[in-house]
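One structure below.
The values are calculated or read from the model by the stated rules, or taken from the named source; none is laboratory data. The structure displayed is predicted, hence computed values, not measured ones. Every residue, glycine as well, gets a Cβ built from its backbone with ideal geometry; the counts of neighbours run over all protein chains shown.
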Amino acid sequence: MPEESIEHINFDDLNKRAISKPIVNHIYTADPSAHVFDGKIYIYPSHDVDAGEAFDDLGSHFAMEDYHVISMDSIDSDAVDNGVALHVDDVAWAKQQMWAPDANEKDGTYYLFFPAKDYEGIFRIGVATSSSPVGPFTPQPNAIKDSFSIDPAVFKDDDGSYYMYFGGLWGGQLQRWRTGTFNPEQPESPTAFLPNDDEPALLPIVAKMTDDLLEFAEKPKGIEIVDELGNLLLAGDNDRRFFEAAWLHKEKDKYYFSYSTGDTHYICYAIGDSPYGPFTYKGRILNPVVGWTSHHSVCKVDDKTYLFYHDSSLSKGVTHLRSVKIAEITYNKDGTIITLDPYLK
Ligand code: FUB
């Protein structure tokens, strides 16, 4: 739901119609990446704060400094805030903007993957490790070599391989890497360097991880999202093209790549047969929420599948003060997902 329309919203009424409530309300949380480790639910969100930065289209108002891990014994139980898991001051290469993270586990070690701007103002992706899923996490001294842009999501495939999906337009800087190196020119607008509307949209990125999950095992490459005819989605197809918030999950041997369309505020998905794609666009998982951004994860808990998402209802529409929510999602027999409306009509 675009920012300009929030002044007309009656938040008391909206919150009554919301399909879910914030899982915590003592802090603002966003961009939830959910996993089940050892039978317990762990949510790795951004920790939203008001740092006094003005709203702009580069997302300068998202000036987050640390991460808290939220845990839940079951989908119906209270959510527990486990305190600061990692702070930007403890990451040697990172200067600011601890944006949407993810985590995963391998051989008893927990890995937190996070984007932040380095001292040159370039978004990179880092890794921090812990023996506990709730941290505290110890960061690597450097960002992942050849990493760029934002919103890492790390998927473990059934064969034990791990893949990182990432990328984000505008403030996420993906468009500044079109030539393979960072375009250092100061853009006058966040849309500078984007393809024309009739050109293929920028692709989200994937890279297989090394065995120790600390680096990319291969050069990152683009993931194709195509329409029903097999044509790449176009840059001007704002209702369907990738913007940010990559996530991958598997259902009945099919790979589901889901993402936010950014300026049109949908969470969409596309289905493929390989973790590298191509993925065929199938539809929407979530219609627009209150607040400019929409960001999610999909996680199976017991035998049900849940969408972890956020909105800005608790802050009464403040774009950078969001709250994580959870809603069940269901599949049709053909594997398509039934679209959720975040607020009942
Ligand atoms: O939280 C900061 C940014 O907002 C995330 O990285 C994007 O996905 C959007 O949710």
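Return only the number of the condition from (1) touching a residue at least 60 places away in the same chain (Cβ under 8 Å); (2) within 16 Å of the ligand (Cβ to nearest atom) that T261 does not satisfy.
Checking T261 against (1) touching a residue at least 60 places away in the same chain (Cβ under 8 Å); (2) within 16 Å of the ligand (Cβ to nearest atom), the one that fails is (1).
Restricting the search to segment 146-180, which residues are modelled with pLDDT of 95 or more, away from the ligand (no atom under 16 Å from the Cβ) and assigned to a loop (DSSP other than H, G, I, E, B)?
D146, D157, D158, D159, G160, S161
Restricting to segment 126-145, count the residues that are assigned to a strand (DSSP E or B) and under 19 Å from the mean Cα position of the chain (by Cα).
Here is the first cut: in segment 126-145, the residues assigned to a strand (DSSP E or B) are 126-130, 138-139.
Then drop every residue that is not under 19 Å from the mean Cα position of the chain (by Cα), which leaves 126-128.
Going through segment 126-145 one residue at a time, the tally reaches 3.
Test S60 against the stated conditions and say whether it is surrounded by 23 or more Cβ atoms within 10 Å (Cβ to Cβ), within 16 Å of the ligand (Cβ to nearest atom) and part of a loop (DSSP other than H, G, I, E, B). Outline the logic, then answer.
Numbers: surrounded by 23 or more Cβ atoms within 10 Å (Cβ to Cβ): no; within 16 Å of the ligand (Cβ to nearest atom): yes; part of a loop (DSSP other than H, G, I, E, B): yes.
No, not satisfied.
Of all residues in segment 88-108, how many are touching a residue at least 40 places away in the same chain (Cβ under 8 Å) and assigned to a strand (DSSP E or B)?
Result for segment 88-108: 6.
So, in segment 264-286, how many residues would count as being without any contact (Cβ under 8 Å) to a residue 60 or more places away in the chain, within 16 Å of the ligand (Cβ to nearest atom) and more than 17 Å from T336 (Cβ to Cβ)? Walk me through it before giving the result.
Applying the first criterion (without any contact (Cβ under 8 Å) to a residue 60 or more places away in the chain) to segment 264-286 yields 264, 266-268, 270, 272-274, 278-286.
Among the residues that remain, those that are also within 16 Å of the ligand (Cβ to nearest atom) are: 264, 266-268, 285-286.
This time we only want the ones that are more than 17 Å from T336 (Cβ to Cβ), so: 264.
So the count comes out to 1.
Tell me which residues, restricted to segment 70-87, are assigned to a strand (DSSP E or B) and either surrounded by fewer than 16 Cβ atoms within 10 Å (Cβ to Cβ) or not charged (D, E, K, R) (or both). I'd like the intermediate steps shown before the answer.
Just the residues of segment 70-87 that are assigned to a strand (DSSP E or B), to begin with: 70-72, 80-87.
Once the filter is applied, which keeps residues that are assigned to a strand (DSSP E or B) and either surrounded by fewer than 16 Cβ atoms within 10 Å (Cβ to Cβ) or not charged (D, E, K, R) (or both), segment 70-87 yields I70, S71, M72, V80, N82, G83, V84, A85, L86, H87.
Given (1) surrounded by fewer than 22 Cβ atoms within 10 Å (Cβ to Cβ); (2) assigned to a strand (DSSP E or B); (3) among the small types (G, A, S); (4) touching a helix residue (DSSP H, G or I) at 6+ places or on another chain (Cβ under 9 Å), identify the lone condition not met by A245.
Unmet for A245, out of (1) surrounded by fewer than 22 Cβ atoms within 10 Å (Cβ to Cβ); (2) assigned to a strand (DSSP E or B); (3) among the small types (G, A, S); (4) touching a helix residue (DSSP H, G or I) at 6+ places or on another chain (Cβ under 9 Å): (1).
Given the criteria within 20 Å of F216 (Cβ to Cβ) and of a type in the set (F, W, Y), does F113 qualify?
Numbers: within 20 Å of F216 (Cβ to Cβ): yes; of a type in the set (F, W, Y): yes.
It is true that F113 is within 20 Å of F216 (Cβ to Cβ) and of a type in the set (F, W, Y).
Look through segment 298-317, keep the residues that are surrounded by fewer than 19 Cβ atoms within 10 Å (Cβ to Cβ) and either within 13 Å of the ligand (Cβ to nearest atom) or acidic (D, E) (or both), and return whichever of them is nearest to D50 (Cα to Cα).
My answer is D302.
Filter segment 92-111 for residues that are within 16 Å of the ligand (Cβ to nearest atom) and aliphatic (A, V, I, L, M); which is farthest from the chain's Cα centre (by Cα)?
Initial filter on segment 92-111 (within 16 Å of the ligand (Cβ to nearest atom)): 94-103.
Now drop any that are not aliphatic (A, V, I, L, M), which leaves 94, 98, 100, 103.
Details: A94: 19, M98: 12, A100: 6, A103: 12 Å.
Taking the candidates together, the pick is A94.
Would a scan of segment 35-57 turn up a residue that is within 19 Å of I150 (Cβ to Cβ), crowded, with 19+ Cβ neighbours inside 10 Å, among the charged types (D, E, K, R) and under 19 Å from the mean Cα position of the chain (by Cα)?
Step one: of segment 35-57, the residues within 19 Å of I150 (Cβ to Cβ) are 43-49, 51, 53, 55-57.
Of the ones still in play, those that are also crowded, with 19+ Cβ neighbours inside 10 Å are 43-48.
Among the residues that remain, those that are also among the charged types (D, E, K, R) are: 48.
Keeping just the survivors that are under 19 Å from the mean Cα position of the chain (by Cα) gives 48.
For segment 35-57, residues within 19 Å of I150 (Cβ to Cβ), crowded, with 19+ Cβ neighbours inside 10 Å, among the charged types (D, E, K, R) and under 19 Å from the mean Cα position of the chain (by Cα): present.
Output the residues belonging to segment 192-209 that are without any contact (Cβ under 8 Å) to a residue 60 or more places away in the chain, under 19 Å from T261 (Cα atoms) and more than 16 Å from the ligand (Cβ to nearest atom).
A192, F193, L194, P195, N196, D197, D198, E199, P200, A201, L203, listed by residue number.
Between A79, A94, which is closer than 21 Å to V324 by Cα and among the small types (G, A, S)?
Details: A94 fails: closer than 21 Å to V324 by Cα.
Matching residue, one of A79, A94: A79.
Based on what the data block shows, is H295 under 30 Å from E228 (Cβ atoms) and crowded, with 20+ Cβ neighbours inside 10 Å?
yes
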